[in-house]
1. Distance from a point 7 Å along Cα→Cβ of Gln137 to each backbone N in segment 50-74: keep the residues under 11 Å and list them by number.
2. Amide H to amide H, which residues 5 or more places from Tyr134 or on other chains are under 5 Å from it, using H placed in the peptide plane?
3. Residue by residue through segment 71-86, what is 3J(HN,Hα) from phi via Karplus (6.51 cos²θ - 1.76 cosθ + 1.60, θ = phi - 60°)? Round to whole Hz and write x for glycine and proline.
4. Dividing the alpha-carbon radius of gyration of the chain by 2.2 N^0.38 Å (N being the number of residues), what value is obtained?
5. Treating the Cα atoms of segment 1-74 as identical point scatterers in vacuum, please give the log10 of the normalised Debye intensity I(q)/I(0) at q = 0.15 Å⁻¹, two decimals.
6. Set the Förster distance to 45 Å, then compute FRET efficiency between Arg163 and Lys5 from the Cβ-Cβ distance, nearest 0.05.
7. Over the chain, what relative contact order in percent results from Cα pairs under 8 Å that are six or more residues apart?
8. Using mean Cβ contacts within 10 Å as the protection proxy, how do 3-13, 153-163 order, highest first?
Amino acid sequence: MSPTKELVDQAQSGDAHAFALLYETIYRDLYRFARCTLRSEQDAEDAVSETVLEAFAQIKNLREAEAFHAWIFRILTARCSRRIRQYSQAPGELDDSVCAPETDFSERADLRRAFFSLPGEDRLIISMNIFAGYSSQEIGLLLHMNPNTVRSRQSRALKKLERQLA
């Protein structure tokens, strides 16, 4: 039995420590995905926290233990998508200081600035592919888009990044 399967089985039996060990293996990836997608450290922390709470409450519904990584990323993706929709419906609520890149990433400031200039859904598509490893088919299912649309939007977004960084 794999360590992940064993921990998932224990977590499904209500073992909070086993769930914490599962979370420990993935929290950096979750946070990095949320941070790059949402542009805000606080929103990323909130999205990850909400994801972990929901995942712990719903872990009994996970059918295959080996799918834990993809399953928890689907939960986080849904949280990030909701927040992006909220941003677009209330654009005046975010001030620029919340979205500013952190100074400790100064060597990648140009890339971060270019990435954050993309529309929210394009950032989400790129993040899902690069950080979470989803295929265009999987992204399409999660975002209710045609996989060809996903590939097209990702291609245009990457070309835009390339032009900005040239």
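1. So the set is empty, nothing qualifies.
2. Amide H neighbours of Tyr134, under 5 Å, 5+ apart: Asn129.
3. Karplus values, whole Hz, x for Gly and Pro: 4, 5, 5, 4, 4, 5, 4, 5, 4, 5, 4, 4, 5, 5, 4, 5.
4. Working it through for the chain, the quotient is 1.10.
5. Normalising to I(0) and taking log10 leaves -0.47.
6. 0.50
7. In percent, rounded to a whole number, it is 22.
8. 3-13, 153-163
The numbers here are math on the coordinates, done by the rules we state, and not lab data. Bear in mind that the values here come from a model prediction, so they are computed numbers and not experimental data. Every residue, glycine as well, gets a Cβ built from its backbone with ideal geometry; the counts of neighbours run over all protein chains shown.
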